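Notes follow the structure.
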Amino acid sequence: MGGQQSPSSLKDTTLDLTIPSVPEKAADVDQIIDDLTTRAGYDESMRGDIAIAVNEVVKNAILHGNKCDSGKLVAITCSCDPTEFRILVSDHGTGFDPEDVPDPLDPENLLKETGRGLLILRTLMDEVRVDTTAEGTRVTLVKKYEA
């Protein structure tokens, strides 16, 4: 990957952010994550993968988890360091079982307009974990730095 810095030259960067469940706030998060991963020194390819994945999770937390209830918050905790990007996105929704999500590659699901989020996340990220508790749903994404 061209233009990549060596891991030792990357900066440790963190973020703690809480946003209301308003769809327009996803664009603010996109900009913040882009700034954060740029400052961390990740290359364009890695930053692109992270941007797509984080946008998917934040929008799902707002739309599906908190049902666009502006009184419910989405919490975002992120850390970038020389070895990995890690983000936790939490909402107050009832959650879902990832095993119950239909396979978007199944021929009967190919033309459906929804249901590809987990496939996208698992393709772009090295780790995807969904945890549901009484307080809500938390999605953890990890992308390893590729030297």
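Some observations on this one:
- Qualifying residue in the stretch 49-59 (condition: at pLDDT 95 or above, assigned to a helix (DSSP H, G or I) and more than 25 Å from Tyr145 (Cβ to Cβ)): yes
- Scope the stretch 35-45; condition assigned to a helix (DSSP H, G or I) and either at pLDDT 95 or above or small (Gly, Ala, Ser) (or both); matching residues: Ala40, Ser45
- Filtering the stretch 47-79 to residues that are β-branched (Val, Ile, Thr) and surrounded by fewer than 17 Cβ atoms within 10 Å (Cβ to Cβ) leaves Ile52, Thr77.
- Within the stretch 59-70, residues that are among the basic types (Lys, Arg) have Cβ atoms under 7 Å from residues that are part of a helix (DSSP H, G or I) in these pairs: Lys59/Ala26, counting only partners at least 6 apart in sequence or on another chain.
- Residue-level check: of (1) modelled with pLDDT of 90 or more; (2) surrounded by fewer than 18 Cβ atoms within 10 Å (Cβ to Cβ), Pro82 misses just (1).
- You will find that of Ala75, Ala53, Ala26, the residue that is within 13 Å of the chain's Cα centre (by Cα) and in contact (Cβ under 8 Å) with a residue 60 or more places away in the chain is Ala53 and no other.
- Condition met for Glu44 (out of contact with any Pro (no Cβ under 8 Å at 6 or more places or on another chain) and either crowded, with 20+ Cβ neighbours inside 10 Å or of a type in the set (A, V, I, L, M, F, W, C) (or both)): no
- Exactly one residue among Thr38, Thr13, Thr18 is free of Cβ contacts under 8 Å to residues at least 24 places away in the same chain and either surrounded by 17 or more Cβ atoms within 10 Å (Cβ to Cβ) or over 10 Å from the mean Cα position of the chain (by Cα) (or both), and that residue is Thr38.
- Within the stretch 85-99, considering residues that are loosely packed, with under 15 Cβ neighbours inside 10 Å and at pLDDT 70 or above, the one nearest to Leu15 (Cα to Cα): Thr94
The values are calculated or read from the model by the stated rules, or taken from the named source; none is laboratory data. Keep in mind the model is a prediction, meaning the values are calculated, not measured. Cβ sites come from the backbone with ideal geometry, for glycine too, and all protein chains shown count toward neighbours.
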